[in-house]
Amino acid sequence: MKLEGCVLDIDGVHMSDPLLREPEQDWNAAYGDHLIPDSLFKFYSNANYFALDRIPRYLSEEDGKLYFYLKYLVHGIKDLLVNIPDSIDQIQKYLEMQYDPLKKLRNEEWDDYAPIQKKRTFKILIIDLYGSLDIFSEIVAIFLSDIIPQLVVGRASITKLKKFADNSFPEPSGIINPKTKYAEEMHIFLKNHLIGEGTEKSWFELLKLYRNKIAHLGNQIFHEYIFQSKDSEQFYTFLPRVFPITEESKISETESKLLDESFPEYFSRILNHNDICSYSRGLYAKVVEFLDAGFEIMIQIYNETSNFEPNSEILQSLARNSEEYEFLHFENP
């Protein structure tokens, strides 16, 4: 079917209530089931559920384009996060279905496709969690891009916020923008939450590595290492925390003398010490914690800036970064 084969001369459209006065059903469900950060729901509520007649002055230019762009971003984070617990459950299910040596000894069945499904689900989980951080960055850009030079509306990303956090906060000069205090608060927040300490140090960099390599180089780019528990017959799957690993090029026998260190030392050095399930749960919790704290700041910023004059440069930035292509359809799909 091509577009021109559909009825386009329509008399009306079906859409959600543009004058909402209460949360939508999917938001109530996500909040009630604890699938999203509390502050994300509060931000959505504080923005009056993005009702058509509640556009704040700061976002009102050109009939509220930025207001409704913000709406799509906020809804986007919610839609990404609500699926994560199910993805974690699916990963666990596929792990239980895949081959392990004891199943063969016991003559038990396994599913040869389970590892493929597991890797595909893990990829989706990683992309969705990273995506929620990118969306948060775009939301920050709408309000603070005039203070944070790394952020450009329409092109913001969590890596740009990370660069902002890595540098010292610039000393204000001349006339001080009233939003500067919130940019400084955001800077402190990012330093405290993105860098990590102790065993969680560089958690964001590892997430970035997984997201970039799996998304661009495929699900097989990271070897999996499967070990049996010391305390049970359960097997656990671990991923590397270094890239790349091409062990075939240096190991031709199974003797640890071929390494410069013992196998336990080697595995401890190159592997993520969480198995893939506990890592997924921990990463989900870390991202939700980050977003929960971040949206607490964004609620303050939203309230403080509501009556500010619109910033035309922000809307112009979004327009400059808009995209349009000539593609219409494939001739022989």
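Residues in segment 186-202: is at least one of a type in the set (Gly, Ala, Ser), in contact with a Ser or Thr (Cβ under 8 Å, 6 or more places away or on another chain) and either surrounded by 16 or more Cβ atoms within 10 Å (Cβ to Cβ) or more than 30 Å from residue 98 (Cβ to Cβ) (or both)? Yes: segment 186-202 contains one or more residues that are of a type in the set (Gly, Ala, Ser), in contact with a Ser or Thr (Cβ under 8 Å, 6 or more places away or on another chain) and either surrounded by 16 or more Cβ atoms within 10 Å (Cβ to Cβ) or more than 30 Å from residue 98 (Cβ to Cβ) (or both).
A search for C-beta distances below 6 Å between a residue of segment 99-125 that is within 16 Å of residue 239 (Cα to Cα) and any residue that is not in a helix (DSSP H, G or I), counting only pairs 6+ apart in sequence or on different chains, returns 115/98. Whether a residue is among the aliphatic types (A, V, I, L, M) and surrounded by 10 or more Cβ atoms within 10 Å (Cβ to Cβ) was assessed, and residue 8 does not pass this test. For segment 16-23, state whether one or more residues are part of a helix (DSSP H, G or I) and closer than 29 Å to residue 311 by Cα. No, there is no match, as no residue in segment 16-23 is part of a helix (DSSP H, G or I) and closer than 29 Å to residue 311 by Cα.
Can you name the residue in segment 234-259 that is assigned to a loop (DSSP other than H, G, I, E, B) and at pLDDT 90 or above and, of all such residues, is farthest from residue 271 (Cα to Cα)?
234
Checking the conditions here, which among 69, 31, 94 is over 30 Å from residue 276 (Cβ atoms) and either outside any loop (DSSP other than H, G, I, E, B) or of a type in the set (Lys, Arg) (or both)? Exactly one of 69, 31, 94 is over 30 Å from residue 276 (Cβ atoms) and either outside any loop (DSSP other than H, G, I, E, B) or of a type in the set (Lys, Arg) (or both), namely 69.
Within segment 41-70, take every residue that is under 21 Å from the mean Cα position of the chain (by Cα), in contact (Cβ under 8 Å) with a residue 24 or more places away in the chain and more than 21 Å from residue 145 (Cβ to Cβ) and give me the one that is surrounded by the most Cβ atoms within 10 Å (Cβ to Cβ). Among those that are under 21 Å from the mean Cα position of the chain (by Cα), in contact (Cβ under 8 Å) with a residue 24 or more places away in the chain and more than 21 Å from residue 145 (Cβ to Cβ), it is 44. Restricted to segment 82-98, and to residues there that are hydrophobic (A, V, I, L, M, F, W, C) and touching a residue at least 60 places away in the same chain (Cβ under 8 Å), the residue that is surrounded by the most Cβ atoms within 10 Å (Cβ to Cβ) is 91. When residue 170 is tested against (1) touching a helix residue (DSSP H, G or I) at 6+ places or on another chain (Cβ under 8 Å); (2) surrounded by fewer than 16 Cβ atoms within 10 Å (Cβ to Cβ); (3) assigned to a loop (DSSP other than H, G, I, E, B), only condition (1) is not met.
For segment 173-210, the tally of residues that are more than 27 Å from residue 129 (Cβ to Cβ) and part of a loop (DSSP other than H, G, I, E, B) stands at 7.
The values are calculated or read from the model by the stated rules, or taken from the named source; none is laboratory data. These numbers come from a predicted model, not from an experiment. With ideal geometry, Cβ positions are generated from the backbone for all residues, glycine too; neighbour counts draw on all protein chains shown.
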